[in-house]
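Trainee: To start, I am sharing the structure in question, which I have written as structure tokens.
The values are calculated or read from the model by the stated rules, or taken from the named source; none is laboratory data. The shown structure was predicted, so the numbers you read here are calculated from the model rather than taken from an experiment. Here the Cβ is made from the backbone with ideal geometry for all residues, glycine too, and neighbour counts use every protein chain on show.
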Amino acid sequence: MPRALRRILADNAPRIFLRATLADMTSHEGASDLPYAIPNLRVELTTADSGVPAGSWRAVGHSHTAFVTESFLDELIHAAGLDPYRARRALLAKQPRWLATLDLAAQKAGWGTPLPAGVGRGIAVHASFESVCAQVVEAQVQGNRVNVRRVVAAVHCGQVVNPGLVAAQIESGIIFGLSAALKQQVTFQRGRVQETNFHSYRSLRMFECPVIETHIVPSTDDPTGVGEPGLPPIAPALCNAIFAATGRRIRSLPIEAALEAQEKT
């Protein structure tokens with residue numbers, strides 16, 4: 001039986017038999033098990049019924065919990081007057097896999113080096129499917145348009161058999177996540193979905209994609225997942241970069257719609 005399935009059964013079988021209920025893992029995974037050395041942590045969920053059936057997205061619950069946790073942590077770090085990378089590093093001092101991944105991404109991205117005027121650098125790190133992925137984004141904002149110039153990703157996924165496959169999965173997750181973070185939304189009018197194909201539900205075109213680098217943390221651990229861990233960190237890393245460039249916080253997605261709404265208010 002696959003290891004992930006064994007873990008799910010071990011965690012949830014007692015709840016099913018004792019309480020006749022099963023917690024929705026996708027509502028809290030990646031938020032209720034944060035690795036940061038925070039002495040007091042409380043995670044709550046308020047479920048809103050949209051009335052629209054929904055299914056799993058790439059990275060499942062981690063796709064939205066990473067955006068919440070890494071964006072909020074960045075706000076706390078800024079309020080404390082600390083550096084986003086070094087503050088995370090201090091909070092991960094007892095988490096060697098996380099720390100190695102974060103350090104590799106920051107090093108390869110040249111964290112702390114000067115950037116052109118109007119360009120910001122943001123960072124985020126998240127674990128999903130037993131792998132850790134850290135990303136650094138360089139972005140420029142002009143009006144409501146965001147130009148993502150560069151993404152540097154580091155991943156700790158155990159012993160790697162095919163490095164090219166790992167890079168392909170991480171980079172496709174980044175493009176998938178960037179498309180959603182920047183542009184994609186489903187809207188309704190009189191109960192009908194208005195987006196009908198990729199001309200109205202936009203994915204990034206090749207000319208819109210940034211330079212992407214993938215770096216793998218050397219390891220002899222058992223191999224872990226790479227198909228989905230590349231997606232969760234990209235939205236918060238991008239929004240943190242936008243804040244670094246403009247001082248504007250993004251708390252709802254997609255980003256272009258959020259920036260437009262901010263301008264109107």
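Trainee: Is it fair to say Pro236 is touching a helix residue (DSSP H, G or I) at 6+ places or on another chain (Cβ under 9 Å), surrounded by 17 or more Cβ atoms within 10 Å (Cβ to Cβ) and in a loop (DSSP other than H, G, I, E, B)?
Mentor: Answer is no for this residue.
Yes/no per residue for (1) farther than 19 Å from Phe243 by Cβ; (2) surrounded by 14 or more Cβ atoms within 10 Å (Cβ to Cβ):
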residue	(1), (2)
Arg97	yes, yes
Asp103	yes, yes
Trp111	no, yes
Pro114	no, no
Gly120	no, yes
Ile123	no, yes
His126	no, yes
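Trainee: Ok, one more. Within the stretch 128-161, how many residues are in a loop (DSSP other than H, G, I, E, B) and surrounded by 23 or more Cβ atoms within 10 Å (Cβ to Cβ)?
Mentor: Residues meeting the conditions: 1.
Trainee: Same structure, new question: Report every pair of residues separated by at least 6 positions or lying on different chains whose Cβ atoms are under 8 Å apart, first residue within the stretch 67-90 and surrounded by fewer than 20 Cβ atoms within 10 Å (Cβ to Cβ), second modelled with pLDDT under 95 and among the aliphatic types (A, V, I, L, M).
Mentor: So the pair list comes out as Val68/Ala31.
Trainee: Kindly provide the set of residues from the stretch 188-207 that are without any contact (Cβ under 8 Å) to a residue 60 or more places away in the chain and outside any loop (DSSP other than H, G, I, E, B), ordered by number.
Mentor: Within the stretch 188-207, Gln189, Arg192, Val193, Met206, Phe207 qualify.
Trainee: For the stretch 64-80, indicate whether the set of residues that are of a type in the set (S, T, N, Q), assigned to a loop (DSSP other than H, G, I, E, B), modelled with pLDDT of 95 or more and out of contact with any Phe, Trp or Tyr (no Cβ under 8 Å at 6 or more places or on another chain) is non-empty.
Mentor: Looking for residues that are of a type in the set (S, T, N, Q), assigned to a loop (DSSP other than H, G, I, E, B), modelled with pLDDT of 95 or more and out of contact with any Phe, Trp or Tyr (no Cβ under 8 Å at 6 or more places or on another chain), one finds none in the stretch 64-80, hence no.
Yes/no per residue for (1) in contact with a strand residue (DSSP E or B) (Cβ under 7 Å, 6 or more places away or on another chain); (2) crowded, with 19+ Cβ neighbours inside 10 Å:
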site: Ile175; (1), (2): no, yes
site: Ala180; (1), (2): no, yes
site: Gln185; (1), (2): no, no
site: Gly191; (1), (2): no, no
site: Ala241; (1), (2): yes, yes
site: Ile250; (1), (2): no, yes
site: Ala261; (1), (2): no, no
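Trainee: If I filter the stretch 43-60 for residues that are touching a Gly at 6+ places or on another chain (Cβ under 9 Å), under 28 Å from Leu182 (Cβ atoms) and either at pLDDT below 85 or basic (Lys, Arg) (or both), do I get at least one hit?
Mentor: Yes: one or more hits.
Trainee: Right, another one. Looking at (1) in contact (Cβ under 8 Å) with a residue 24 or more places away in the chain; (2) touching a strand residue (DSSP E or B) at 6+ places or on another chain (Cβ under 9 Å); (3) surrounded by 12 or more Cβ atoms within 10 Å (Cβ to Cβ), which one does Ala168 not meet, given that it meets all the others?
Mentor: Ala168 satisfies all of (1) in contact (Cβ under 8 Å) with a residue 24 or more places away in the chain; (2) touching a strand residue (DSSP E or B) at 6+ places or on another chain (Cβ under 9 Å); (3) surrounded by 12 or more Cβ atoms within 10 Å (Cβ to Cβ) except (1).
Trainee: Here are some conditions: (1) under 25 Å from Lys94 (Cα atoms); (2) in a helix (DSSP H, G or I). Pro39 meets all but one. Which one does it not meet?
Mentor: Every condition holds for Pro39 apart from (2).
Trainee: Checking the condition among the acidic types (Asp, Glu) and at pLDDT 95 or above, which residue from Glu263, Glu256, Glu208, Glu228 passes?
Mentor: Just one listed residue meets the conditions, Glu228.
Trainee: Determine which member of the set Ile242, Ile216 is of a type in the set (A, V, I, L, M) and in contact with a Lys or Arg (Cβ under 8 Å, 6 or more places away or on another chain).
Mentor: That would be Ile242, the only listed residue that is of a type in the set (A, V, I, L, M) and in contact with a Lys or Arg (Cβ under 8 Å, 6 or more places away or on another chain).
Trainee: Residues of the stretch 166-192 being among the hydrophobic types (A, V, I, L, M, F, W, C) and either under 25 Å from Ile123 (Cβ atoms) or touching a Phe, Trp or Tyr at 6+ places or on another chain (Cβ under 9 Å) (or both), which ones?
Mentor: Val166, Ala167, Ala168, Ile170, Ile174, Ile175, Phe176, Leu178, Ala180, Ala181, Leu182, Val186
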